[in-house]
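All remarks here apply to the structure that follows.
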């Protein structure tokens, strides 16, 4: 009996390593269907009618062309990861090669452009640009020498300065952040009341000001300060109630009752985070709050989708942004807050990916 069990577990192990070794097919196929505009072609204003690869191609390439068989191969593979639902028609004479039609699952729907021209599609595209892809074969270098992130080794400079010189990359980055931020901010504004009574709010690293715009829709009396690098705020659109201020968070942060930041601490080392948080502390009155929205790692590792998404994001940060920037546990964030002078800390698990961390002076 033992030999049979051993053979069975060996077979499973070999199958598992084959799946892991070939896993690059998944994100790159996702990238392909976004580039081909497949989600919008299927969605068609909410119809989500199951379509064959031939029908999808006729929508994304109205002038003709394309290979439906190769598109179907991509759709089939992503069906196994829950992006599409497959509808088989085995009737009649075509049972050797049944007609396959595809509609979008809830996961697939995240890639559909909504009424505000937002989706998770730019987030997918942003991750797979050439400059980022060049960094991935060098992940082991972050272990050998954490002084330089793999992105710098591959491209000669840091990601943010690299984006800054390439308007199309910067634009895609902003669109990707907006696509992710808007649904998250809706969840925060519904489930977190820590902004009640705030009169002046600074968004540190606020980019185009999307988060402040949404906060002001719910709290119209708040005076909003969108604080980012001068070259970033120079391109930010005008927003009623929001003042764009350029500066450097490592030097100083504008004074406010509350400071908001999202996915900022994650891309810096512990020492850098402490410096940012100390500047936040100085900018706040007693009782004032730093509200940081960051990915928070669970204490134990498991194979849940949430844990995987958070740990995968951690490796992304290590590879692209900062070899010693990282996703942290709740306790690590609490200790960072204490080291910067914040005596009070609370965590609110409202969103599955981002956690609201409240540091009070």
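The values are calculated or read from the model by the stated rules, or taken from the named source; none is laboratory data. This is a predicted model, so every value here is computed, not measured. Neighbour counts are summed over all protein chains in view; Cβ atoms, including those assigned to glycine, are modelled from backbone coordinates with ideal geometry.
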Among the residues of segment 110-127, is any assigned to a helix (DSSP H, G or I), free of Cβ contacts under 8 Å to residues at least 40 places away in the same chain and either in contact with a helix residue (DSSP H, G or I) (Cβ under 8 Å, 6 or more places away or on another chain) or buried (at least 19 other Cβ atoms within 10 Å of the Cβ) (or both)?
no
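State the number of residues belonging to segment 11-31 that are more than 30 Å from residue 62 (Cβ to Cβ) and in a helix (DSSP H, G or I).
Adding up the residues that qualify gives 11.
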With a cut-off of at least 2 residues that are over 13 Å from residue 323 (Cβ atoms), without any contact (Cβ under 8 Å) to a residue 12 or more places away in the chain and not assigned by TED's automatic domain parsing to the domain that holds residue 260, name the helices (runs of 4 or more DSSP H) lying wholly within segment 133-182.
159-164
If you take the residues in segment 224-253 that are touching a helix residue (DSSP H, G or I) at 6+ places or on another chain (Cβ under 7 Å) and surrounded by fewer than 15 Cβ atoms within 10 Å (Cβ to Cβ), which one is modelled with the lowest pLDDT?
231
Test for residue 202: is it closer than 22 Å to residue 265 by Cα and not in a helix (DSSP H, G or I)
yes
Inspect all residues belonging to segment 32-50 and state whether any of them is outside any loop (DSSP other than H, G, I, E, B) and more than 28 Å from the chain's Cα centre (by Cα).
no
Has segment 63-72 got any residue that is more than 28 Å from residue 126 (Cα to Cα) and in contact (Cβ under 8 Å) with a residue 24 or more places away in the chain?
no
Being at pLDDT below 95 and either in contact with a strand residue (DSSP E or B) (Cβ under 8 Å, 6 or more places away or on another chain) or part of a helix (DSSP H, G or I) (or both) narrows 8, 69 down to just 8
Test for residue 227: is it within 24 Å of residue 314 (Cα to Cα) and either assigned by TED's automatic domain parsing to the domain that holds residue 187 or part of a helix (DSSP H, G or I) (or both)
no
Could you tell me whether residue 208 is in the same structural domain as residue 282 (by TED's automatic domain parsing), surrounded by 20 or more Cβ atoms within 10 Å (Cβ to Cβ), modelled with pLDDT under 90 and not in a helix (DSSP H, G or I)?
yes
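Residues checked against (1) under 13 Å from the mean Cα position of the chain (by Cα); (2) at pLDDT below 95; (3) buried (at least 18 other Cβ atoms within 10 Å of the Cβ); (4) over 13 Å from residue 296 (Cβ atoms):
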site	(1), (2), (3), (4)
314	yes, no, no, no
325	no, yes, yes, yes
328	no, no, yes, no
341	no, no, no, yes
350	no, yes, no, no
358	no, no, yes, no
